[in-house]
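Only one structure is covered here, and it is reproduced in the block below.
The values are calculated or read from the model by the stated rules, or taken from the named source; none is laboratory data. This is a predicted model, so every value here is computed, not measured. When we count neighbours, we look across all protein chains shown, and the Cβ atoms used for this are built from the backbone with ideal geometry, even at glycine.
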Amino acid sequence: MEEALIEMYLAGVSVRRVEDISEALWGSRVSASTISELNQKACVHIEEWCNRPLSGKYPYVYVDGIYLKRNWGGEFENVSVLVAIGVDQDGYREIIGAAQGMKEDRESWKNFLIWLKGRGHNGVRLLIGDKSLGMWEAVAEVFPEARYQRCTVHFYRNVFSATSRSRLREVTRMLKAIHAQESKEAPRKKAKDVIEQVAGNEAERGSEKG
């Protein structure tokens with residue numbers, strides 16, 4: 001029952017609505033004070049989880065900023081959340097950091113990465129993100145030994161923004177073919193082949209129009 005009440009709160013259900021649901025499900029109305037106590041208990045566990053020591057090694061880290069709706073006193077507003085997902089040496093992923101209320105600027109990313117480092121996050125070899133200027137500068141300052149790679153999802157979005165709708169499917173297949181290669185040399189060769197193919201197709205279309 002406690003877990004169900006906490007889940008409702010985290011989902012943004014109002015206290016009055018929680019009272020109504022508890023009465024309908026269990027035949028007794030849960031008081032607002034009880035709900036408040038359960039929420040405080042949940043917040044303690046969340047705080048402990050967020051600040052837990054990072055004892056494992058995560059050489060690869062995905063970082064991004066997302067916006068979620070949060071209920072503040074019955075009113076919903078967008079809240080920025082910076083998230084880091086670590087990949088350990090066995091290839092398993094784990095959320096190693098999440099902090100709300102920050103912006104996606106250099107100072108926020110810097111503070112976020114320093115916070116991760118202060119919890120024992122070391123040995124980073126590669127960070128993957130959307131390559132925003134603020135994030136890029138923060139990574140170089142906090143983890144100077146690590147390399148930075150642009151996220152393929154954001155890269156695809158940038159490519160698609162400059163691609164005509166009629167060619168989206170074709171370009172998508174080409175991009176996936178490049179990223180499906182298993183060695184460093186193979187994708188470079190595939191990318192070169194794709195460029196030559198696209199250039200040839202464009203030249204052919206131009207001659208047909210002429």
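Residue count for region 80-92 under the criterion of being out of contact with any Pro (no Cβ under 8 Å at 6 or more places or on another chain), surrounded by 15 or more Cβ atoms within 10 Å (Cβ to Cβ) and over 14 Å from TRP109 (Cα atoms): the result is 2. Quick one: would you say TYR58 is assigned to a loop (DSSP other than H, G, I, E, B) and at pLDDT 90 or above? The answer is yes for TYR58. Just one of the listed residues (VAL79, VAL63, VAL83) is touching a Gly at 6+ places or on another chain (Cβ under 8 Å), under 30 Å from GLU19 (Cβ atoms) and hydrophobic (A, V, I, L, M, F, W, C), namely VAL79.
Can you pull out the residues in region 164-194 that are among the β-branched types (Val, Ile, Thr) and surrounded by 15 or more Cβ atoms within 10 Å (Cβ to Cβ)?
The answer is VAL171, ILE178, VAL194.
Picking from residues in region 111-133 that are under 11 Å from LEU82 (Cβ atoms), touching a helix residue (DSSP H, G or I) at 6+ places or on another chain (Cβ under 9 Å) and not aliphatic (A, V, I, L, M), the one that is surrounded by the most Cβ atoms within 10 Å (Cβ to Cβ) is PHE112.
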